[in-house]
1. What number, in percent, do you get for the relative contact order of the range 3-119 if the mean sequence gap of Cα pairs under 8 Å and at least 6 apart is divided by its residue count?
2. Could you give me the percent of Cα pairs per 5 Å distance bin for the chain, shortest bin first, beginning at zero and ending with the bin that holds the maximum distance?
3. Give, in nm to one decimal, the length gained when the segment between residue 180 and residue 192 is fully stretched (0.36 nm per residue of separation minus the Cα-Cα distance).
4. What distance in nm separates the simple spin-label points at residue 152 and residue 103, each placed 7 Å from Cα in the Cβ direction?
5. So if we plug the beta-carbon distance of residue 23 and residue 203 into 1/(1 + (r/R0)^6) with R0 = 45 Å, what FRET efficiency do we get, rounded to 0.05?
6. Sequence gap at least 6, Cα distance under 8 Å: using those rules, report the relative contact order of the chain to the nearest whole percent.
7. Expressed in nm to one decimal, what extension gain is obtained for the pair residue 1 and residue 45 from 0.36 nm per residue of sequence separation less their Cα-Cα distance?
């Protein structure tokens, strides 16, 4: 059974979410501050975390940052703030999705299912090599190596975006294409989210992010993976 950790200091909200998620067949647990969230996530296996931004003890951004140092567990960040800056910071620290309060429970459920679907292996091939084997993606382990060095800091969404681009070298994807294919639902108004993830991907996998070797920009259109025979 899929186990979800709900992290929020509003007990009424947590109880409502637990009831809704459990009615959908999920197993749930709860933490009411940042310290509890870190202790539980580091000592118990969870398949996904719903993480509030404004938490006592340790805030959600710091919780997300610390978890990303040791785990690629999918994280959906929620907050009463509507500030785009906070949203972008959360995504840069490794959150897989972002939802502003108040939100519809059905929308949250849709996003949970989309994130879990993306984090599972859906391709029967085990290894994808690109750029003359300098970059390798292990699909069963969901890991990436560059020049035989494993990159351990990719989030689930970063991996999914890289896999999509790498499976179709030379094909240009617009920001709207990437939102639709990687996020898996209508995510209007979040073009910058794609740019944030591309920048983070380049920082992690490119030998020189300022002169990318793998992920290229088609100015005014979108992004593509460099074909094997072009450098």
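1. Worked out over the range 3-119, it gives 23 percent.
2. That works out to 1, 6, 15, 18, 19, 16, 11, 7, 4, 1, 0, 0, in percent per bin.
3. 2.9 nm
4. About 2.9 nm, to one decimal.
5. Working from the Cβ atoms, E equals 0.65.
6. Here the relative contact order equals 14 percent.
7. Full extension of this stretch gives 14.7 nm more.
Just so you know, all these numbers are worked out from the coordinates, no wet-lab data involved. Keep in mind that what you see is a predicted model, and the values were worked out from it rather than measured. Backbone-built Cβ (ideal geometry, glycine too); neighbour counts: all protein chains shown.
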